[in-house]
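Here, each number is a calculation from the coordinates, and none is a lab measurement. For clarity, every value in this text was computed on a predicted model and none was experimentally measured. Please note: Cβ atoms are built from the backbone with ideal geometry, for glycine as well, and neighbour counts cover all protein chains shown.
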Amino acid sequence: MKREDALEYHSRGRPGKIAVVPTKPLANQRDLALAYSPGVAEPCLEIQRDPTHAYRYTAKGNLIAVVSNGTAVLGLGNIGALAGKPVMEGKANLFKQFADLDCFDLEVGSEDPEDVIRFCQLLEPTVGGINLEDIRAPDCFLVEETLRRTMQVPVFHDDQHGTAIISGAALLNALELVGKSIDAVRVVFSGAGAAALATAMHYVRLGVRREHITMCDLAGVIYEGRVEDMDPYKARFAVDTPHRTIAEALDGADVFVGLSVAGAVRKEWIARMAPRPVVFALANPVPEILPDEVRQVRDDAIVATGRSDYPNQVNNVLGFPFIFRGALDARATTVNEEMKMAATRALALLAREEVPESVARLYGLQTVRFGRDYLIPFPFDPRVLLWVAPAVAWAAVATGVAREFVDVDSYRVQLEERLGRARGIMRGILTRAASDPKRVVFPEGEDPKVIRAAQQCVDEGIAEPILLGRRAEVAAQAAAHGIALDEIAVVDLATSERREAYARYLWERRQRKGLSLGEARRRIDNPNYFGSCMVALGDADALLSGVNATYPETIRPALEAIGAHPKAGVLSGMYMLVFEKRVVFCGDTTVNIDPSAEQLADIAYAAARIVQNFGETPRVAMLSFSNFGSVRHPDAEKAARAVALVRARAPWLMIDGEMQADTALDERTQRERYPFSMLGGEANVLIFPNLSAGNIAYKLLHHLGGATAIGPILVGMRRPVHVLEQGADVQQIVNMAAVAVMDAQVRGRHAEAARVPEYPRGREAGIL
């Protein structure tokens, strides 16, 4: 990841990562009178009479304060409150994205823990809970202990308890897999800071015997009688042992927990651990020992890290959003040990459940099962909210710290309504692309945005980019933006050894359409023709172009060099529109001006197959100005005939129409007015009757509806080719690169399936 990209991410558009969004209308004088004077007096008086009414009339019950003084920020150390603000904004963003909790990030300009304590105490009328963040040890212990004792809202120091809760779930499941009893295992810690001490204490509550825990810091083993670099918190874990180094302590140990620094442990030490060891190397961004190093000496080990590029990621985001969600919904006065334990056990049990196919697909996997490489759920598994938050809320009720009774079953329904599937879908696509990167050729390789996007593709591991352009110009643009081309292939059309082969290939395809060999050679000077030939002949897996060209200028070379898929009745363009709580796919938005019923059927069928590959269940609505024959007109009848054609081809597909857009998107209307509808709920695939309707609709939804538009996804090509919007920014290019890679992945799997007859084939096919 480049410095420039990080700075642009935080500065583009509205600076920062969070904003305050009104939840009530303010469109006229009446709204003004209700929102402020005189109407606002009424809820004020109600709260004065009964303070609990603040949860009914204000945002308090959904508001978290992320509080820090910047004395221990990530791996940066004591950088101060102001410099730590981007981290706190990021934390606030995670609260919103994963649990729909609103957040204020509040940076305290003092290193005195008493000031932090007093500041938080004064916030109690405002917020429903306080997340302490990046406060150095031992100050963090004093701050949290004091606040928990003196305040009546949940206080949680994530640096301490987040890792403890998540790794605790992983520990329970790892010990289950290796067949060891928790009260018998010996555990060695590397690190004795806030996270390590809290994790060790949590393990004790889970059943690890305190005398079986050996904790090590920079001075070595924390043993009874040690005086060097000790404090009361470390002293709790001083043990009677002859060991003085971590190497000695690891000899015969069952579990290693690293919460220290990169490279703190050598593989020779791991080799001397007990049979079937559990190794949690959790330092970020580089662990104490890499999983590959562990496997070199112990193929019987179970390994977890804090990284997303290895199995078993111990990520705090699996904890704090959902813990606070449950605590606030129960109106808990604190986060007690029983609530933390409930979160740990909920995560452990969820990992043992069958993983839905849609979740596996988000991570580019065919199947996921509980085992050595899957100890804890994935962060983007939407079920985490539905398991952890209710467990925490019920623990609050059961221990008497809740002020609101929670019925778990109805609460889960509320949570499902609160968060839709849309939040993690793009991240899921990126993760899936990273599971098996493909070669993506960028004909506009001299464009600075394309070069930066290529670098981001490399940084995120989602693609192997190939830039087409003059080598000197590409190098100059890269240098100007601080980008090294070490991992990015650059192909200069003028000097490429493949020019003649591509020209002859193009000529052979087009010679009966009037193309001479000489003209074919001239066309190869066009990067879009050159890149299309690369994909056609297997020198690249996908093509992505269009930042500086019109749609026809991009697609025509691809059609001539690659062509349409033989099973594709028609080419079409589809956009994925990602809203806060739903995802809608729209087609055709870019190609067919006035499609026939047969063409509409082909567009709908191909769109549904793509949506399946995104891990969604397609519900296809054939849109019109008519609802199921309410208006007799040839255009409406065309849509209805298209539905009949799709049903004959794919009876398994949930599709219906013709129908109006509001009917398609309103399950209640379908149920009450059209109970015969076979849509099965809100439509997520909208097929428009013509190009005018489709193009206008997606642009209105994007610009006025606030949706993130991903596309156009070109449907119907023989090989993966996708077209960018003119002027697309870096992130849009990266998103489409991930889509192109996923397209190539799916095609590759289905091509392999076609070569092996016994391979089980489902009804879904790849992206055409």
Take the alpha-carbon centre of region 147-213, take the same for region 440-498, and report the distance between them in whole Å. 46
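Taking the number of other C-beta atoms within 10 Å as the exposure measure, put 545, 11 in order starting with the fewest. Before the final figure, lay out each step's value.
Working: 545 26, 11 10.
Listed from fewest to most nearby Cβ atoms, that is 11, 545.
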Measure off 7 Å from each Cα along the Cα-to-Cβ vector at residue 110 and residue 226, then give the distance between these two points in nanometres to one decimal. 3.4
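So if R0 is 41 Å, what FRET efficiency would residue 209 and residue 581 give, r being the distance between their Cβ atoms, rounded to the nearest 0.05?
Details: r = 46 Å, r/R0 = 1.13.
Efficiency for this residue pair is about 0.30.
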Excluding residues fewer than 8 positions from residue 449 in its own chain, the lysines with Cα under 29 Å of it are 2, 17, 85, 91, 438, 699
If amide H atoms are built 1.01 Å from N in the plane of the peptide, which residues on other chains or at least 5 residues away come under 5 Å of the amide H of residue 132? 67, 156, 157, 158
For n ≥ 4 DSSP H runs only, could you compute -39500 (n - 2.57) per run for the chain, divide by its residues and tell me the 222 nm figure to the nearest 500? -13000 deg cm²/dmol
What trypsin sites (Lys or Arg not before Pro) in region 619-704 are in a loop by DSSP, with at most 16 other Cβ atoms within 10 Å of the Cβ? 632
With each pseudo-label sitting 7 Å past Cα toward Cβ, what's the residue 76-residue 30 distance in nm, one decimal? 4.9
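So how much slack lies between residue 245 and residue 649, counting 0.36 nm per residue of separation and subtracting their Cα-Cα distance, in nm?
Working: separation 404, 0.36 × 404 = 145.44 nm, distance 6.92 nm.
Extending this stretch completely gives an extra 138.5 nm.
Go through region 32-77 and name the chymotrypsin sites (Phe, Trp or Tyr not before Pro) that are in a DSSP coil and have 12 or fewer other Cβ atoms within 10 Å of their Cβ.
Working: sites: 36, 55, 57; in loops: 36.
Answer in residue order: 36.
How do 700, 724, 645 line up, fewest other C-beta atoms within 10 Å first? It would help to have the intermediate numbers written out before the result.
On the way: 700 11, 724 26, 645 17.
Result, fewest neighbours first: 700, 645, 724.
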Hey, what angle do you get for helix 448-460 against the long axis of the chain, alpha-carbon based, 0 to 90 degrees rounded to 10? 50
Mind putting a number on the dipole of region 572-715 about its Cα centre? Charges go on the C-beta only, +1 for Lys and Arg and -1 for Asp and Glu, and I need it in Debye to the nearest 20. 180
Taking the Cα centre of the chain as origin, sum charge times position over the Cβ atoms of Lys and Arg (+1) and Asp and Glu (-1), and report the length of that vector in debye to the nearest 20. 2120
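Where does each of 565-575, 479-489 land if you order them by average Cβ count within 10 Å, highest first?
Values: 565-575: 20.5, 479-489: 13.7.
The peptides rank, most packed first, as 565-575, 479-489.
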Placing +1 on each Lys and Arg Cβ and -1 on each Asp and Glu Cβ in the chain, then taking the dipole about the Cα centre, the residue among 625, 730, 121 whose Cα reaches farthest towards the positive end is 625
List the residues of region 226-262 whose backbone N lies under 13 Å from a point placed 7 Å from the Cα of residue 218 along the Cα-to-Cβ direction. 229-230, 261
Of 478, 542, 527, which is farthest on the positive side of the dipole of region 401-552, counting Cα position, with +1 on Lys and Arg Cβ, -1 on Asp and Glu Cβ, and the Cα centre as origin? 527
When 669, 617 are ordered from fewest to most other Cβ atoms inside 10 Å of their Cβ, what list results? 617, 669
Qualifying trypsin sites (Lys or Arg not before Pro) for region 1-51 [loop in DSSP, other Cβ within 10 Å: at most 16]: 2, 12
Rounding to the nearest 10 and keeping the result within 0 to 90°, find how far the Cα-based axis of helix 139-150 lies from the longest principal axis of the chain. 80
Under the 7 Å Cα-to-Cβ spin-label approximation, residue 492 and residue 37 lie apart by a distance in nanometres of 7.3
Leading residue at positive end of dipole, region 161-314 (Cβ point charges), from 220, 197, 178: 178
Using Cα atoms only, what is the angle between the long axis of helix 194-206 and the major principal axis of the chain, expressed in degrees (0 to 90) to the nearest 10? 80
For volume of the Cα convex hull per residue in Å³, which listed value, (1) 268; (2) 153; (3) 194, comes from the coordinates shown? (3)
